Each structure stands twice: as C-alpha cells, then as structure tokens.
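Have a look at the structure below before the remarks.
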Amino acid sequence: MRNLILIVAVAGLLAAPAAARDRRVAITFDDLPFQATPEALCDPQAITTLTDRFLNMLAPLNSRATAFVNEGRMCDDIRAEALPGILNAWLDDGYELGNHTFSHINIHRATPESYLEDLDRGDDITRSVLQARGRDLVWFRHPYLFTGETPEKRAALDAGIAARGYRVAPVTIDNEDWRFGQAYRHAEADGDRPLMERIGAAYVAHMAAVLDVMEPYSADLNGGTEPAQVLLLHANSLNQDWYPAIHTLLLSRGYAFVTLAEAMKEPVYQRPDTWIRANGVSWLHRWALTDGVPFQPEPDTPQWVVDVAEGRPRPPEQESASAHGTLRSRLRFVGEPQSKGEPP
C-alpha cells in the first residue's frame, strides 16, 4: 500500500507543469549516523543495520550526497568500535563526510568557546577515517543552521571555523524534513502504517510546494538564473522510505545531481552572509538580507503534521483541510527560531 501511495503521489506531481530546466542540486544528509532511538544508537548491530538499509536505498539513485556527522549521537561505550565502520560504509559508497559538531550544539545556549570545543570533539573519528584514505575533513555545517545571534558570537564562530580549515556547507532548500521525520517516527513507534503513508505522501507534496516557491526566488537573487541548489535532508526513517520519491520529483523538474563542491563553484556562493539573528535560515534569505530585498517565505508544513510531530494527533476528518499548509513568515527576528527547529 505504501508503494502505491508513493507512486500515486509522485505521479500527480509529475503531471504538474514543469518546464524543462538545466537545474542542479547537491543533496546533503545531516545527523549521521542516524536519527534513531537511544536504544538503537547504543546497539552496534542496530545502527549498522539502519546504515546498511539507508545506503542500499541510496545505491541505485546516484545522488552524490554529502553527509554530516554528529559523533556524539552514538553511546560513548560503542562509539570507538562501531562508528568507524559506519562512516567507512558511507565512504565506500562514494559519499563525502562533514562535521556537524559532536552533540548538535546550539550556539544560542552556548559560548563560542564551548561551541568550538564541541566542533573539535566532533571530528575525532571522522577525521581519522578520512585521513586513513588520504583525504581531509573539509566540510562543516552549523547545527540548526544557527550561525550566531549576536555580532560577537558570529565573528567568533566564523573565525574559529575558518582557522580550523573548514568550508561552511550552506543550504538553499530546507523543506523541514526533520519535522516530517519526527511525525513519521511517532507513527512508526505506534505501528500506524496508514499514518506513516499519509505523512510520507504529504512530505513529497510539501517538497514540490517548497520548490515551486524557492526556485524562482533563487533566480531573482541570482540575476535571473537558478543557482545549483543545496538541499538539506536528514538520515532518518522518513527518508529511508520516501527519499526515492523526492529523488524522482527532482528528476522530473530537470535536476541533475552534483557534489557539494561542484555546486559551490558557482559565484553566488561567494556572496557575503551577514545574517545575525536568533534563527537559522536558508542562504537565499541571507542573500536577500544582504541585497535589501523582501524575503520569500517557504510554504508552511501542514499543521496536522506539526501536531503529530509534537504528540498532538489531529482527528482524521481535520487532516485534509490543512494538508497543504499556507505561506508563513519563517524569518522572526526575536525569540527562538521558527525557521529551522530543534529536533531531538
């Protein structure tokens, strides 16, 4: 049944008008080794199985992805034994790896010094695995896309990251897959397959809605031509089951899959990022701020998905009414961010 719903959902999206483009996208997956239960992350066999299944799903798709590691996701007593094998499995399949800090630290709740210490701790195993292959650890991505909510923090982070030789991995397309993933894990834990199918189909439809908005927005910010996009996703059970539909959707819109390094050869990625706010947002919004042009907000995640993610299931008769969401302002300048939330 899930496969039937996936095919129907994607077929409907393929039928939507989409002129042929010469588009490119770099796929990135955050939160390696996996967004899983604490029990699974303390069980070497369980986390190895999750990794193998995820890589087997990706194998025929040639997504050319880069994956970002939180070494601290794994239990202390198995990390040194189990994590090298997991990271080598990703490298064996041709993917790049990056540092996402040790503990997925939140700069809003930390000093720059403690943040950079967490960053350093996050490369212990990843760097050694890469060095054993004659490669360097190059990429860094900020957790939550938080880059510092004060000028002082922003400057300290920028200087510390640069001093360590990292390149910051930007994001242009953020479809809030982490929130869909939270909802999906709740349904999965309850054994509710019909709800999992509804969440997955809504996830694919939401991805199409986000692209409908962000593609022309990105062109407006890049002299009329869409840049190579960088898509933020997560290693989780949602994408284990539904990333193939996202991949098919991207193909239907004319995307070719490139590495993160290839995407970032475009001049737009050399533009200044002057974002200093208490939220984490797409680099498109950061460039809009620099240019002094209006922000174009992403479509809302459907409210019923948010409710399931937060443990507040909606009655079935209400789901269809809010299934597609509405445009919202994700660029609040005060308080905790509404743009890139804080998945556990």
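The values are calculated or read from the model by the stated rules, or taken from the named source; none is laboratory data. Please read these numbers as outputs of a predicted model, since none were measured by experiment. Using ideal geometry, Cβ is built from the backbone for each residue, glycine included, and neighbour counts are taken over all protein chains shown. Surface areas here come from the heavy atoms of the whole protein model, side chains and all, with no ligands, DNA or RNA. Shrake-Rupley method; radii C 1.70, N 1.55, O 1.52, S 1.80 Å.
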Worksheet, complete the sentence: So, first residue over 10 Å from ILE107 (Cβ atoms) in region 150-163, second residue open to solvent by 30 Å² or more (accessible area, probe 1.4 Å), Cβ within less than 8 Å, six or more apart or across chains; the pairs are PRO151/ILE276; ILE161/VAL168
Item to complete: Output the residues belonging to region 84-106 that are crowded, with 23+ Cβ neighbours inside 10 Å and either touching an Asp or Glu at 6+ places or on another chain (Cβ under 7 Å) or at pLDDT below 95 (or both).
Response: ASN99, HIS100, THR101, ILE105
Discussion item. Among (1) free of Cβ contacts under 8 Å to residues at least 24 places away in the same chain; (2) within 30 Å of ALA155 (Cα to Cα), there is one condition LEU251 misses while meeting the rest; what is its number?
Written reply: (2)
Response to the item:
VAL171 vs (1) within 25 Å of MET74 (Cβ to Cβ); (2) open to solvent by 30 Å² or more (accessible area, probe 1.4 Å); (3) assigned to a loop (DSSP other than H, G, I, E, B): all pass except (2)
Worksheet item: Going by the structure shown, is GLY165 among the small types (Gly, Ala, Ser), part of a helix (DSSP H, G or I) and at pLDDT 95 or above?
Response: no
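Give the residue, chosen from THR290, THR274, that is among the polar types (S, T, N, Q), without any contact (Cβ under 8 Å) to a residue 60 or more places away in the chain, in a helix (DSSP H, G or I) and open to solvent by 40 Å² or more (accessible area, probe 1.4 Å).
Details: THR274 fails: in a helix (DSSP H, G or I).
Residue meeting the stated conditions: THR290.
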Worksheet item: So which of LEU232, LEU211, LEU221 ends up being over 18 Å from the mean Cα position of the chain (by Cα) and either buried (at least 22 other Cβ atoms within 10 Å of the Cβ) or polar (S, T, N, Q) (or both)?
Response: LEU221
Worksheet item: Of all residues in region 26-60, which are polar (S, T, N, Q) and farther than 17 Å from ILE125 by Cβ?
Response: THR28, GLN35, THR37, GLN45, THR49, ASN56
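Can you tell me which residue in region 38-83 is least open to solvent (accessible area, probe 1.4 Å), limited to those that are assigned to a helix (DSSP H, G or I), among the acidic types (Asp, Glu) and without any contact (Cβ under 8 Å) to a residue 40 or more places away in the chain?
Of the residues in region 38-83, the ones assigned to a helix (DSSP H, G or I) are 38-41, 44-61, 71-73, 76-83.
Cutting the leftovers down to among the acidic types (Asp, Glu) gives us 39, 52, 71, 76-77, 81.
From what is left, the residues that are without any contact (Cβ under 8 Å) to a residue 40 or more places away in the chain are 39, 52, 76-77, 81.
Numbers: GLU39: 128, ASP52: 71, ASP76: 113, ASP77: 128, GLU81: 141 Å².
By that ranking, first place goes to ASP52.
So which of ARG141, ARG121, ARG109, ARG135 is farther than 29 Å from GLU39 by Cβ and either at pLDDT 95 or above or surrounded by fewer than 16 Cβ atoms within 10 Å (Cβ to Cβ) (or both)? Write out each step before concluding.
Working: ARG141 fails: farther than 29 Å from GLU39 by Cβ; ARG121 fails: farther than 29 Å from GLU39 by Cβ; ARG109 fails: farther than 29 Å from GLU39 by Cβ.
Result: ARG135 is the single residue among ARG141, ARG121, ARG109, ARG135 that is farther than 29 Å from GLU39 by Cβ and either at pLDDT 95 or above or surrounded by fewer than 16 Cβ atoms within 10 Å (Cβ to Cβ) (or both).
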Practice prompt. Could you check how many residues of region 116-140 are closer than 13 Å to ARG164 by Cα and not acidic (Asp, Glu)?
Written response: 9
Worksheet, complete the sentence: Log entry, pairs with first residue in region 203-222 being assigned to a helix (DSSP H, G or I), second being acidic (Asp, Glu), beta carbons closer than 7 Å, six or more apart or on different chains, reads TYR203/ASP177; VAL210/GLU298; VAL213/GLU298; MET214/GLU298; GLU215/GLU226; SER218/GLU226; ALA219/GLU226
Worksheet item: Which of the residues belonging to region 74-101 are in contact with a Ser or Thr (Cβ under 8 Å, 6 or more places away or on another chain) and small (Gly, Ala, Ser)?
Response: ALA82, GLY85, ALA89, GLY98
